[in-house]
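What follows is calculated from the coordinates using simple rules that are stated; it is not laboratory data. The structure presented is a predicted model; accordingly, all values stated were derived computationally and were not measured. Because the Cβ atoms are built from the backbone with ideal geometry, glycine has one as well, and the counts that use them run over all protein chains shown.
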Amino acid sequence: MASALNLARIRAIRDKWGPLFQFVLGLCIMLVIFVAGMCMFMFVEGWNAIDSFYMMVITLSTVGFGEIQPLSDRARLLTSAIIILGVGNFAYIVGSFSRMLVDGHLHNLLWRRKVQRRIDKLENHYIVCGYGRIGGVVVQEILKVSSDVVVIEHDPALVEQLKRDGIMHLAGDATDDGLLVCAGIKRARSIVTALTDEAANVYVTLTARQLNPNISIIARANNASHITRLEFAGANRVVLPHLIGGVRMAHTVLKPTVTDFLDLAVRGDIDLQMEQLGISEKSVFVGKNIMDSNIRKDYDLIIVAIKRESGELVFNPGPREELRSGDTLITLGRQIDLQRISEHL
C-alpha cells in the first residue's frame, strides 16, 4: 500500500514538472554513479578520497587521461561499467535539458517563479478560481479597480490566454490546498469560486474558510438547492448566474429606462457612480444625522442606504438617521464628489 502511494506521488510529480523532473532525475543518477565509483576506488583498490575523486572526474568526463594508479582487472571492469553508465546518463541529461529548451518548459518555469514572487508580496488581494465565462467577467471587473488579483485555472488554453493578457495566475486545480496557499489565501481579502463543478466550489469554500477564517467568500451555484450547502461550507455570498441573468432580462423588458440608467452608472459611461463608503472612528460624520452632516449639500451625494456594522441595512434613510462608526454608506454621485468625501471618512 505504501509503495503504491509512493509511486502515485512520483507519477504526480513527474506529470507536474515534465522534462524538468527527467533532468533532475538524471542529475541524481549521475550523483549516485559518482559516489558509487568513489566508494569502489576507495574500498576495492584502497585509494584515498582525493585520488578516488579525481579518477571519477576524469572517467566520467572522458577527457582521455590515463590511470593515476595501476588498476586490477576487477577494478577495470567496474571502471568500464561506470563509463558506460556515466556516458549514457549524460546523454539522458543533455536530452532532457534540450527538450526543456525546445518545448519552453525552462522559460515557463522561470516565468512561474517570477509570478510567484509577485504573488508573495500581495496583501488584501483577490483570488478568482476559474477563468471561464463567469470568472473572466469577474476578473475584468476587479481589474478596473485593482490589479491585485490572482486567477487559478487548469485549462491550458485559458492559462495561455491569461499569460498573454498579463494577468497573474497559477495553473492547476483550485481544489489543491497547496495551490490556494501559493495564491496567498491566508493574506487575501476575498476569494471568488466560479468553477463549473458544484462539488469543487463547495470544496474550495470549505478549504478557504479553514485556511483564512476572516476571508470573504463569494461562491457560484448552478442550482438554488445548493445555496444552503455553500453557505454552510462558509460562503458569505452565493450567486446564481442564470437567475441574475434571467431577472436582468425581465427588468430590461419591464423597466427599460431604469435598467439603462443602471447600466450607464455601472459602466461609467456617465459621470455618475454608485459607491460604498465606510465611516471610520475618526470621521467627522460620526454622531451626526444625515441632515446635520450636510452630505447632500456639500458633496451633492445621495445616500441610498446605510449598512450598520451589525449587518442591518437601512434603505432610503431619513434626515434624522444617525451616522455611526463602522457604518457603510451606499451613495450615488459624481466621481469627483466621491473622492472629496472620502478624505473625511
**Asked** Could you state the number of Å between the C-alpha centres of the stretch 275-345 and the stretch 165-230?
**Response** 32
**Prompt:** What's the longest piece of the chain with no exposed GluC sites (Glu not before Pro), counting a site as exposed if DSSP puts it in a loop and it has at most 13 other beta carbons within 10 Å?
**Reply:** 124-280
**Prompt:** On full extension of the chain, what length is gained from LEU332 through THR228, given 0.36 nm per residue of separation minus the C-alpha to C-alpha distance?
**Reply:** 34.2 nm
**Fill in**
In nanometres, the difference between 0.36 nm per residue of separation and the alpha-carbon distance of GLU312 and CYS39 is 90.7 nm
**Asked** So what are the ³J(HN,Hα) numbers for the stretch 43-51, from phi and the Karplus equation (6.51, -1.76, 1.60; θ = phi - 60°), rounded to whole Hz, Gly and Pro as x?
**Response** 9, 8, 9, x, 7, 7, 5, 5, 4
**Asked** Say a paramagnetic label sat at a point 7 Å from the Cα of SER216, along Cα to Cβ; which residues of the stretch 289-330 have their backbone N under 17 Å from it?
**Response** 305-314, 326-330
**Item:** Long-range amide H partners of GLY278 with built H, under 5 Å
**Value:** LEU329
**Fill in**
Karplus ³J(HN,Hα) for the stretch 151-160 (6.51 cos²θ - 1.76 cosθ + 1.60, θ = phi - 60°; Hz, whole; x = Gly/Pro) runs 10, 10, 9, 10, 6, x, 5, 6, 4, 5
**Prompt:** Antiparallel DSSP bridges in the chain: what percent, to the nearest 5?
**Reply:** 45
**Item:** Karplus (6.51, -1.76, 1.60) ³J(HN,Hα), θ = phi - 60°, over the stretch 77-86, in Hz, Gly and Pro reported as x
**Value:** 5, 5, 5, 4, 5, 4, 5, 4, 5, x
**Prompt:** With each pseudo-label sitting 7 Å past Cα toward Cβ, what's the ASP177-PHE21 distance in nm, one decimal?
**Reply:** 2.2
**Fill in**
Which residues qualify? For VAL128, with a placed amide H closer than 5 Å and at least 5 residues away or on another chain, they are VAL150, VAL151, ILE152, VAL192
**Added length on full extension, which subtracts the Cα-Cα distance from 0.36 nm per residue, VAL284 to CYS28** = 85.5 nm
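Sorted from fewest to most neighbouring beta carbons within 10 Å, what does the list VAL115, VAL247, VAL304, VAL63 look like?
Going from least to most buried by this count: VAL63, VAL247, VAL304, VAL115.
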**Prompt:** Quick one: if the Förster radius is 41 Å, what FRET efficiency do ARG113 and SER80 give, using the C-beta to C-beta distance and rounding to 0.05?
**Reply:** 0.50
**Item:** Where trypsin sites (Lys or Arg not before Pro) fall in DSSP loop in the stretch 292-345, at most 10 other Cβ within 10 Å
**Value:** ARG320
